[in-house]
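The values are calculated or read from the model by the stated rules, or taken from the named source; none is laboratory data. Only a predicted model underlies this, so the values are computations on that prediction, with no experimental measurement involved. Virtual Cβ from ideal backbone geometry, glycine too; neighbours counted across all protein chains shown.
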Amino acid sequence: MYKTHTCGELRLAHVGKTVTLAGWVHRRRDLGGVTFIDLRDRFGLVQIVTNSATAPVAHQLIADVRIEWVIQVVGEVNPRPEGAVNPNLSTGEIEVDAREVKVLNSAKTPPFYINKDEEVDENTRLHYRYLDLRRDKMRQNLELRHRVVKFIRDYLDERGFIEVETPILFKTTPEGARDYLVPSRVHPGQFYALPQSPQQLKQMLMVGGIERYFQIARCFRDEDQRGDRQPEFTQLDLEMSFVEREDVMSLVEEMFTKMVAAIVPHKHVLAKPWPRLTYLEAMSRFGKDNPDIRFGLELKDITDLVSASGFKVFESVVANGGSVRGLNAKGLGDYSRTQIDELAEEVKKYGAKGLAYLAISPNNDQRSSFSKYLTAETLNAVLERLEAQPGDLLLFVADQPAIVFEALGRLRVLLGERLGLPDADELGFCWVVDFPFVNWNPEEDRWDPSHHLFTAPMPEDLPLLDADPGKARGQQYDLVLNNYEVGGGSIRIHNRQLQEKVFKLIGLDAEVARQRFGHMLEAFEYGTPPHGGIAPGIDRICMILANEPNIREVIAFPKNQVARDVMADAPSPVEAMQLKELHIKIDQ
Ligand code: ASP
């Protein structure tokens, strides 16, 4: 038997027992006749002592071991002498007096410290991920992730859901990204597509009468990498029959609220029930459809106040159908011109032409790029709308609404962080609903689904599909948490005619639709129940619960920012023979 106990479990109650432990040498201190080792396994640390007088052989062996060697120790649990108790360690009241030591394996000196929580270059961490995983933080993150997934499985199981696996080798299941394709050896020139989500498959399960499905599902999307994206990622994919959107939303809301209480009790859910914002409200208050609701700095519309204000810049934007909105960066009224110019550079990244400002010093002196053009009355109305007080900095963008929202939405997040407003232990869950059903895609001159092809329009907006598609709303709901979209779902179309109508609306040729989605259209003719679902992203949720800045920190073996696995070095070239079998020629 390699071990009778784990390194983390020994307490005063074990004193006098002979135990066998196995793990890694975490730290060692050599005091001549006595050597101390901190022995580590996944469950904790325990102090091992060897004494040259009482156990000379074990002591000699311990003299040779180095950090990260794997050893086995047989010894007796003793209370630590007074003054040597370590209150920061769960095993800090005892130590194990080693009688026998066996080296199970040696180790090269690791390229970074495993026993210290210090910054290590990420590429090095990913190259030696197996060593990185030995570090406390990664272990804790994987344990947290495990608990999250286990909580979900138990919660849904208790509510009649069953977990069903769906194929990875499938056909294109678009979610707006590029597909990963897998060539077929047996069908020359043909390809499987890795699912961007199990969307069609879970709908097929509803046609199949499963009623309540979930899966911890891997999704594959070939898109540019960001901190919150990976080529493959994991969703809690779920689907239910005979539901309306409120049914799905309240199930998910209750699940995550209970999960937070069970798994991260030091965090708290900001508002219960979670706020439900319409898309238009989210945009007008926060400038984005994935708002961080943990802090204010909300956007204010002053278009009506400045449309005939005498300030030409504002006036002409409004005359061209644009809007003027601003926010009040409370307490930043002493920002210098250079600091304000820096903020202007920020908003220019998102298409804004500039940033109008009005800075109010604590003793009420005003500096402004535009106020001299306004009448006292208009200026007062603007100050009032932004609830301005001495010491505040008011910032405005005038442009087409999409640019105004993007620029101010990003600026709000940046200023919120700068002002230390979001509390990392607060979880600002909210729902965003009533999204437009379709968005106009000017490059391709057609409508794009704002969610995906299978989302149903709001029943009362059905006539708008013919009359004015841009005004129709979809039965979509987005799950938002602290500035991230952490999930999206919808009530689906379950009728062939409507599905065909939507394919047509978004410019999908009938023949192409039949080739790609004929199986769904066909299935819809065999008694498809009304159904809907959602897919919260496990990686993003774990990232937020673990206070990590990116999802790579909660994935055991992530790809780097250019989609490479740097440990195994993938992707990599393959043998000419393999390509030949796959009927593939590389066009260099
Ligand atoms: N398949 C969708 C997605 O991946 C989620 C859903 O509609 O259930 O975003």
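Evaluate the range 175-187: report whether one residue or more is modelled with pLDDT of 95 or more, outside any loop (DSSP other than H, G, I, E, B), of a type in the set (D, E, K, R) and away from the ligand (no atom under 13 Å from the Cβ). Within the range 175-187 (the criterion being modelled with pLDDT of 95 or more, outside any loop (DSSP other than H, G, I, E, B), of a type in the set (D, E, K, R) and away from the ligand (no atom under 13 Å from the Cβ)), the answer is no, since none of the residues qualifies.
For (1) surrounded by 14 or more Cβ atoms within 10 Å (Cβ to Cβ); (2) in contact (Cβ under 8 Å) with a residue 24 or more places away in the chain, each residue gets a yes or a no:
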{"position": "95", "(1), (2)": "yes, yes"}
{"position": "103", "(1), (2)": "yes, yes"}
{"position": "107", "(1), (2)": "yes, yes"}
{"position": "117", "(1), (2)": "no, no"}
{"position": "123", "(1), (2)": "no, yes"}
{"position": "149", "(1), (2)": "yes, yes"}
{"position": "171", "(1), (2)": "yes, yes"}
{"position": "187", "(1), (2)": "no, no"}
{"position": "193", "(1), (2)": "yes, no"}
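Restricting attention to the range 507-542, the residues being touching a strand residue (DSSP E or B) at 6+ places or on another chain (Cβ under 8 Å) and either buried (at least 19 other Cβ atoms within 10 Å of the Cβ) or free of Cβ contacts under 8 Å to residues at least 24 places away in the same chain (or both) number 11.
Residue 379 meets all of the listed conditions (1) within 23 Å of residue 284 (Cα to Cα); (2) touching a strand residue (DSSP E or B) at 6+ places or on another chain (Cβ under 6 Å) but one, namely (2). Has the range 447-457 got any residue that is more than 16 Å from the ligand (Cβ to nearest atom) and either closer than 30 Å to residue 342 by Cβ or modelled with pLDDT of 95 or more (or both)? No, the range 447-457 contains no residue that is more than 16 Å from the ligand (Cβ to nearest atom) and either closer than 30 Å to residue 342 by Cβ or modelled with pLDDT of 95 or more (or both). Being acidic (Asp, Glu), out of contact with any strand residue (DSSP E or B) (no Cβ under 6 Å at 6 or more places or on another chain) and surrounded by 21 or more Cβ atoms within 10 Å (Cβ to Cβ) is a property that does not hold for residue 365.
On the basis of being under 21 Å from residue 552 (Cα atoms) and either among the small types (Gly, Ala, Ser) or in contact with a Phe, Trp or Tyr (Cβ under 9 Å, 6 or more places away or on another chain) (or both), does residue 170 make the cut? So residue 170 does not fit the description; no.
When the range 460-512 is limited to residues that are among the basic types (Lys, Arg) and farther than 14 Å from residue 532 by Cβ, the one that is nearest to the ligand (Cβ to nearest atom) turns out to be 473. Among helices (runs of 4 or more DSSP H) entirely within the range 268-339, having at least 2 residues that are surrounded by fewer than 15 Cβ atoms within 10 Å (Cβ to Cβ) and of a type outside the set (S, T, N, Q) singles out 312-319.
Which residues, taken from the range 531-551, are touching a Leu at 6+ places or on another chain (Cβ under 8 Å) and away from the ligand (no atom under 16 Å from the Cβ)? Answer for the range 531-551, where residues must be touching a Leu at 6+ places or on another chain (Cβ under 8 Å) and away from the ligand (no atom under 16 Å from the Cβ): 542, 544, 545, 546.
In the range 359-382, the residue that is farthest from residue 318 (Cα to Cα) out of those that are among the aliphatic types (A, V, I, L, M) and touching a residue at least 24 places away in the same chain (Cβ under 8 Å) is 360. Inspection of the range 193-202 finds no residue satisfying the criterion of being among the hydroxyl-bearing types (Ser, Thr, Tyr) and either more than 16 Å from the ligand (Cβ to nearest atom) or more than 22 Å from residue 171 (Cβ to Cβ) (or both).
Of all the listed residues (420, 391), the sole one being surrounded by fewer than 20 Cβ atoms within 10 Å (Cβ to Cβ), in a loop (DSSP other than H, G, I, E, B) and under 33 Å from the mean Cα position of the chain (by Cα) is 420.
Does residue 413 count as under 30 Å from the mean Cα position of the chain (by Cα), assigned to a strand (DSSP E or B) and either more than 26 Å from residue 293 (Cα to Cα) or touching a residue at least 12 places away in the same chain (Cβ under 8 Å) (or both)? The answer is no for residue 413. Determine, yes or no, whether residue 561 is more than 18 Å from the chain's Cα centre (by Cα) and away from the ligand (no atom under 16 Å from the Cβ). No.
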